[in-house]
Amino acid sequence: MSKSGTSALDSLPVFFAHALALETEAAERYQELADVMAVHNNPVAAELFQKLAGYGHQHAAEVREMMENAESVSLAPWEYDWGGVEAPETSAMADADYRMTSAHVMQMALKTEQAAHDYYASVAAKATDDEVRRLAQEFAEEEAGHVQYVKQWIAKNPVTLEELPEDDDPAHMPE
Ligand code: ZN
């Protein structure tokens with residue numbers, strides 16, 4: 001654990017570890033969703049997820065670059081603390097499966113980006129380390145941009161969202 005602190009709020013290395021986990025895992029999930037949409041003949045939705053996966057990979061790469069100039073820590077799975085924010089980017093998509101309609105997965109994408117925003121915003125609000133606060137603020141703004149992007153995409157593509165039939169037994173959405 002970092003000598004400068006023990007949580008993402010007071011330690012830049014711990015914050016980086018959280019950001020890297022969040023972005024990497026989200027990018028991987030989006031990539032899976034992009035592949036599922038492509039297989040299910042929904043190239044427009046596939047393109048959206050490809051784009052969101054790209055944002056995640058790009059953000060993870062930026063974080064990795066910042067980490068090169070900082071002390072680094074590696075956290076055990078139970079050492080991650082998402083600060084009471086309901087879902088980090090990954091768990092919002094835990095229930096994704098191939099039967100989900102594109103309307104469902106769009107809502108998941110929206111939740112995912114919103115959760116990422118909420119996590120960074122809560123860190124920015126509570127951080128005691130100046131650099132953590134500054135970066136968390138910056139990341140929160142980026143995520144707010146992704147939220148807008150997904151919302152606009154949904155507004156522009158109602159037909160695409162209606163193309164897939166509803167399931168008889170829809171997957172349970174986390175509230
Ligand atoms: Zn994002």
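Structure values in brief
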quantity: Likely footprinting exposure, 75, 20, fewest C-beta neighbours within 10 Å first; calculated: 75, 20
quantity: Segment residue 80-residue 47, extension gain: residue separation times 0.36 nm, minus the distance between their alpha carbons; calculated: 8.8 nm
quantity: Residue 134/residue 61 FRET efficiency (R0 22 Å; Cβ-Cβ; nearest 0.05); calculated: 0.70
quantity: Cβ-based exposure ranking for 134, 64, 29, in which fewest neighbours within 10 Å come first; calculated: 134, 64, 29
quantity: Ascending count of other beta-carbon atoms within 10 Å, so fewest first, for 15, 139; calculated: 139, 15
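Just so you know, all these numbers are worked out from the coordinates, no wet-lab data involved. Just so we're clear, the structure is a prediction, and the values are computed from it rather than from any experiment. All Cβ positions, even for glycine, are placed from backbone atoms using ideal geometry, and neighbour counts span all protein chains on display.
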